[in-house]
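What follows is a single structure, written as structure tokens, with notes after it.
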Amino acid sequence: MMLDRRSFLTLAGSTTLAAMIPHGAQGSSPVMGEKADHTLRIATGRVELAPDRIISTTLYNDQFPGPLLRFEEGRCSVVDIFNDTDTPELVLWHGQMIPSVVDGAAEEGTPFIPPHGMRRISFLPRPSGFRFYHTHVMAGGDLNRGTYTGQVGPLYIEPKDNPGAYDREIFLVLKEFEPFFSRGGDMAGDALAGEPVDDLQQMGKAADATATQKTKGLEVGYRSFAINGKMLGHGEPVSKACR
């Protein structure tokens, strides 16, 4: 078959481009015309832990927890991730046996989602069961980044075989909010209840006695704790369904 100069250059360019795509990356970047199974948007927003406790943090889809994502075990799933913040981001698929290019850990080779950019990924979810997804950005000394934010959401992988027989699903996400640095431990001793309090306090005093101010590092404490984004007394109760 005879090729003119223009056809030859076009064919050569396409071949070179295909050769530059890393092995396995093609599966993590499906055709953009396809509809994604799920879409995540990373952006700042507000969480109302209680009527008098509203905090600003980074969220998925402007909510906490992030939206419940449901996958089918072994069926290829496509997720579009938009980063509307000013810093690079990562979404880790906790507990999933998937390629490192989409796992969400930069140290394993997952590319960052650039500021005000997006990334489309795909993978075969496994194993089945209840997991969660969250940011995997290293916060360092910045308590407004990484897992100190509200970037976490529930993830459920429907089993391919032997699905559970249940009448109702309840997904609970426990999370701390309003982090701060301290040298006195992550919470006051009276925040705990029950017999072990005295023992724990004694253990803490013994540990402090063997440490010096120079070697004792800063710890992170929290001012608020919540279940599904609500502090004690402000969330909807979990009640038994009537038959």
Restricting attention to segment 91-128, which residues are among the small types (Gly, Ala, Ser) and on the phi < 0 side of the Ramachandran plot? Ser100, Ala105, Ala106, Gly117, Ser122, Ser128
State whether the residues of segment 83-97 include one that is in contact (Cβ under 8 Å) with a residue 24 or more places away in the chain, surrounded by fewer than 16 Cβ atoms within 10 Å (Cβ to Cβ) and in contact with a helix residue (DSSP H, G or I) (Cβ under 8 Å, 6 or more places away or on another chain). no
All positions within segment 220-239 that are of a type in the set (A, V, I, L, M), modelled with pLDDT of 90 or more and in contact with a Phe, Trp or Tyr (Cβ under 9 Å, 6 or more places away or on another chain): Ala226, Met231, Leu232
Positions within segment 43-63 being under 25 Å from Pro115 (Cβ atoms) and either under 15 Å from the mean Cα position of the chain (by Cα) or not in a strand (DSSP E or B) (or both), in sequence order: Ala43, Thr44, Thr57, Thr58, Leu59, Tyr60, Asn61, Asp62, Gln63
In segment 69-92, residue nearest to Gly153 (Cα to Cα) [restricted to those that are part of a loop (DSSP other than H, G, I, E, B) and hydroxyl-bearing (Ser, Thr, Tyr)]: Thr85
Qualifying positions in segment 127-171 - surrounded by 16 or more Cβ atoms within 10 Å (Cβ to Cβ), in contact with a strand residue (DSSP E or B) (Cβ under 7 Å, 6 or more places away or on another chain) and part of a loop (DSSP other than H, G, I, E, B): Ser128, His136, Val137, Thr149, Gly150, Gln151
Among the residues of segment 100-121, how many are small (Gly, Ala, Ser) and either in contact with a His (Cβ under 8 Å, 6 or more places away or on another chain) or surrounded by 19 or more Cβ atoms within 10 Å (Cβ to Cβ) (or both)? 3
Test: Gly66 is within 15 Å of the chain's Cα centre (by Cα), surrounded by 15 or more Cβ atoms within 10 Å (Cβ to Cβ), modelled with pLDDT of 95 or more and part of a loop (DSSP other than H, G, I, E, B): yes
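The values are calculated or read from the model by the stated rules, or taken from the named source; none is laboratory data. Because the structure is predicted, anything quoted here is derived from the model rather than measured. Heads up, the Cβs are rebuilt from the backbone with ideal geometry, glycines too, and the neighbour counts pull from every protein chain shown.
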